[in-house]
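Taking it in order: structure first as structure tokens, then the write-up.
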There are 2 protein chains.
Amino acid sequence: MADTKPKQAAPGEEQPPSGTRRRGDVLENAILQAAWEELRETGYGKLTMEAVASRAKTNKTAVYRRWPNKAKLVVATMMKHAPKPSLEPPDTGDLREDVLALLQGLIKPIQIIGSETIKGLMVDFHGDELHAKLTLPPRSEDILVKAIKDILRQADKRGEVKLDTIPERVVGLPVDLVRFELLATHTPLTDEAIREIVDDLFLPLVLRERNH
Amino acid sequence: MADTKPKQAAPGEEQPPSGTRRRGDVLENAILQAAWEELRETGYGKLTMEAVASRAKTNKTAVYRRWPNKAKLVVATMMKHAPKPSLEPPDTGDLREDVLALLQGLIKPIQIIGSETIKGLMVDFHGDELHAKLTLPPRSEDILVKAIKDILRQADKRGEVKLDTIPERVVGLPVDLVRFELLATHTPLTDEAIREIVDDLFLPLVLRERNH
DNA sequence: TCACATAAGGTACGGTACGTACCGTACTCT
DNA sequence: AGAGTACGGTACGTACCGTACCTTATGTGA
């Protein structure tokens, strides 16, 4: 009861200039940066809130004040630090090249994030309201599917395909398959695999009307 | 030191006939049964070794004596209790019907197991030597892909397709897509989706040579 | 038949990580 | 200047893991 004054238990080795207390965005960015580094070094499964806080030179409390759990924190840090695929149609003037370029640009960001993180997030978000956003937008709203459609639209203008005869499944096929490979394997997606997806599957399907 | 005799701390309410101590396979099956029920009721993420042991009316020790961790235990219980897809070619005499039948038979078992369990296992096995088996066999050894190939072989005999002109990717496509849907969504895979996979993607690809 | 290895029952522990509570203190804003 | 806010820091309660250790039943082979 008496003597409730833990104030400064240990005088500390060297109190670094205590006149610098980070706050607001500064601290927030430090945490997100720490989380990002921690994520890339130890992976999602082994990432702990304590380690993130420690690396950011702060403590769990400051982290939990901002994000209620690991999954949300990691999503936040990914939104900030993970490279985003460029979604403008490459527009090389050739359907095949366009699709290849898009897919190759797509895998890099996901490769960096890593399948382990994605799976971990899917598990931790299971049942969460955000779940849908992380797994599958309704396809028609999927930005990557939209990008494919843009490419197809241009090809349609050039007369390479007839867009309105192509089923939605076919449009979404390349993206679905790339995502599947990234989920199901943990080896990097090779250029050869992408070539197969485009040449053996996608192109034959979108171009098939021309065989009539 | 002295008086080391905790023998029977509490005399217990009613010592049920202590003359029945399960052992060997009996106990093992009880644990697997309990794990299976626990898995279906609470899901993989919330399943705990304690709960399994408790439901099996035994204790963690007996569980850990047999399986080193949750993931291995769950795999064991799935091998025992999860229905297995029938892999014999349905052989309805029609390629489309065969593939539809196979896929429809395939989704049921996975549906029962649940995507949450599969994802959880993939996460827990990340880096484990069993990882490959749970995610992707080298495609050429994938029993489901082999089943598709069997179906195609029969169709080839009937003259519906020319098997040796069909790329591996195409053969594996239906299975890959079904797996993807099950991983990426947590809503059940509809018959309509399966129909699309077969009619919009698979059949056009395997039958396309006939358009020449 | 009985001693003994084996394995089940059971308790308790050390360890990790989570998420929360609390307090004192620095900073910011008006 | 004063007050509210948010950071730094510690400590706590919970949950679950995986292990250690001991007691007790079982059934097998000497």
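Probing with 1.4 Å while keeping every protein chain in the model, the per residue accessible area of segment B:95-211 equals 41 Å².
Legend: residues in segment B:143-171 shielded by at least 40 square angstrom of accessible surface upon adding the remaining protein chains to the isolated chain (1.4 Å probe, heavy atoms) are B:Arg169. Once you sort the root eigenvalues of the Cα gyration tensor of segment B:136-212 as a ≥ b ≥ c, which label holds: rounded (a/c under 1.5), prolate (a/b larger than b/c) or oblate (the other case)? Oblate shape, in that a/c is at least 1.5 and b/c is the bigger or equal ratio.
With the other protein chains left in place, how much accessible area per residue, in square angstrom, belongs to segment B:24-81 at a 1.4 angstrom probe? Averaged over the residues of segment B:24-81, the accessible area is 52 Å². Label-to-label distance for A:Tyr64 and B:Asp94 is 6.1 nm, based on points extended 7 Å past Cα in the beta-carbon direction. Placing dummy labels 7 Å off each Cα toward the beta-carbon, the span from A:Thr20 to B:Lys146 is 6.4 nm.
Counting protein heavy atoms only, segment B:95-211 has 52 percent of its accessible area on carbon and sulfur, 1.4 angstrom probe. Between B:Lys80 and B:Lys57, the distance separating the two model label sites (each 7 Å from Cα on the Cα→Cβ line) works out to 1.6 nm. Each residue of segment B:97-110 was assigned a 3J(HN,Hα) from its phi angle through the Karplus expression (A = 6.51, B = -1.76, C = 1.60, θ = phi - 60°), giving 4, 4, 5, 4, 4, 4, 5, 5, x, 6, 6, 4, x, 5 Hz with x at Gly and Pro.
Please report the buried accessible area for the interface of A with B, total over both chains, probe 1.4 Å, in Å² to the nearest 100. Counting protein atoms only, the buried area is about 3100 Å². Total lysine pairs in segment B:24-81 at Cα distances under 18 Å, for residues eight or more apart or on different chains: 8. Ranked from shortest, the separations from the 7 Å Cα-to-Cβ label point of B:Glu37 to its equivalents in the other copies are 5.1 nm.
For segment A:24-81, the Cβ-based charge dipole about the Cα centre amounts to some 140 debye (Lys, Arg positive; Asp, Glu negative; other atoms uncharged).
The values are calculated or read from the model by the stated rules, or taken from the named source; none is laboratory data. Because the structure is a prediction, the values reported are computed rather than measured. Cβ coordinates were reconstructed from backbone atoms using ideal geometry, including for glycine residues, and neighbour counts include every protein chain displayed. Accessible surface is based on the protein model in full, side chains and every heavy atom, while ligands, DNA and RNA are left aside. Shrake-Rupley method; radii C 1.70, N 1.55, O 1.52, S 1.80 Å.
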